[in-house]
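Heads up, the thing below is written out as structure tokens.
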Amino acid sequence: MKTPVRIGLFGAGNVGTHLLRRLDETDGVEVVGLWNRHPGRWAEWAGKYKVVAEPEEMPPADVYILALKDDVLEPFSQRLPHPHVLTVHTSGAQPSYVLRRARRGVFYPLQTFVRNRPVDWTRIPILVHAPVASDESFLEDLARRLSPMVYHVDDAQRARLHVAAVFASNYTNAMVQMAREIMHEAGLSADMLTPLMEKTFRNMLDDDPARVLTGPARRGDRRTVDRHLALLKEMNREDLMKIYREVAEWIMDKYGPKGD
Ligand SMILES: NC(=O)c1ccc[n+]([C@@H]2O[C@H](COP(=O)([O-])OP(=O)(O)OC[C@H]3O[C@@H](n4cnc5c(N)ncnc54)[C@H](OP(=O)(O)O)[C@@H]3O)[C@@H](O)[C@H]2O)c1
């Protein structure tokens, strides 16, 4: 039997807790220690795994995974013991070299994680990167134990991918929140939009989004676009007006007037 991969995990936030649940159900891995700034967040696991009070107390391992807030990665990495342990972070936005370690890399699960919302790891791409080839293949092997979807994506590509992910996920969420606010202001239940959203996503996932886009800006119905802008002004929603105008112009520039 192969010796298990020993892992020290830092961070009990959204990603850290989901990662530990997955590691816990995965053969061939051994979690040698857990650390969090507020150690009580590991309470439900403390009977099963060693929770260390200080990062310096983490036992040696094959890899340290830092599932921590982006801004603390660099200073935090300098506090870690066992300088030759490969150390990775889980951030899409940060380069590997933010970690001040001899051996470093990235282990980025491309999904939105919320602590108490279940996730399906078999549908989570894991993007790995390490400057040293042997470290990168080690990370690939570890990732394959957690998910069948594993990709090698270097720092420069991942930086761009992360911007794309913000558009695809965070901004989609923001758009839906704006739509819900408008429904509420009109005294209507936002749930009425659910079938529309479901169909829109299904169409985009099943086909090229460019082929399934509809709506006034796509049709070049400028008078309808202007009416919507006037309505948002009347509702004192200059904030939404700005966004509506920018997106409508992006669509009209891209597709041009249809003139039908
Ligand atoms: N959530 C996502 O959807 C997602 C997806 C992919 C990748 N990521 C990446 O994964 C990493 C963690 O994200 P998350 O969503 O899990 O964040 P989170 O839920 O906000 O958790 C942040 C973690 O950082 C710790 N922390 C905050 N300030 C600290 C400090 N000054 N010193 C030491 N530890 C500190 C927190 O400790 P306390 O518990 O003590 O506050 C917690 O363990 C980030 O790099 C993020 O970019 C997130």
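Quick look at the numbers
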item	result
Cα-based Rg / Dmax (Å) for region 26-70	10.8, 29
Gaussian network model of the chain, springs between alpha carbon atoms under 10 Å - residue of Ala174, Ala61, Ala165 with greatest fluctuation	Ala174
Sorted peptide list for 39-46, 91-98, criterion being average Cβ within 10 angstrom, highest first	91-98, 39-46
Added length on full extension, which subtracts the Cα-Cα distance from 0.36 nm per residue, Ala164 to Ser134	7.9 nm
Beta bridge orientation in the chain: antiparallel %, DSSP, nearest 5	15 percent
Selected from Leu73, Leu127, Leu213 as most flexible by GNM, with the chain as the system and alpha-carbon contacts under 10 Å	Leu213
Cross-link partners of Lys242 among lysines (Cα-Cα below 30 Å; sequence separation of 8 or more within a chain)	Lys199, Lys233, Lys254, Lys258
Contact order relative to length of region 1-55, as percent, for alpha carbon pairs under 8 angstrom and 6 or more apart	36 percent
Relative contact order [Cα under 8 Å, 6+ residues apart], region 142-260, whole percent	18 percent
Karplus 3J(HN,Hα) series, Hz, for region 96-109 with 6.51 cos²θ - 1.76 cosθ + 1.60 (x for Gly, Pro)	5, 6, 5, 7, 8, 9, 5, 10, 9, x, 10, 9, 9, x
Relative contact order (%) - region 53-101, alpha-carbon pairs under 8 angstrom, separation at least six	43 percent
For region 123-234, the fraction of alpha-carbon pairs in successive 5 Å shells from zero, as %	2, 9, 11, 15, 17, 13, 9, 8, 7, 5, 3, 1, 0
Reachable aspartates and glutamates from Lys48, criterion Cα separation under 14 angstrom, eight or more residues apart if same chain	Asp24, Glu25, Glu30
Once the Cα gyration tensor of region 138-180 is diagonalised, semi-axes √(5λ) in Å	29, 14, 5
Angstrom value of the Kirkwood radius, inverse mean 1/r, which spans all Cα pairs in region 63-119	11.9 Å
Rh by Kirkwood over Cα pairs, then Stokes-Einstein D for the chain at 0.692 mPa s and 37 °C, µm²/s	155 µm²/s
Positive-end extreme of charge dipole, region 1-105 - chosen from Tyr97, Val52, Tyr64 (charges on Cβ)	Tyr97
Square roots of five times the Cα gyration tensor eigenvalues for region 1-143, Å	19, 18, 16
Selected from Leu68, Leu232, Leu139 as most flexible by GNM, with the chain as the system and alpha-carbon contacts under 10 Å	Leu232
Kirkwood Rh (inverse of mean 1/r, distinct Cα pairs), region 50-91, angstrom	10.8 Å
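Readers should treat all values here as calculations from the given coordinates under stated rules, not as data from a laboratory. Being a predicted model, the structure only gives us computed values, none of them experimental. Glycine gets a Cβ as well: all are built from the backbone with ideal geometry, and neighbour counts include every protein chain shown.
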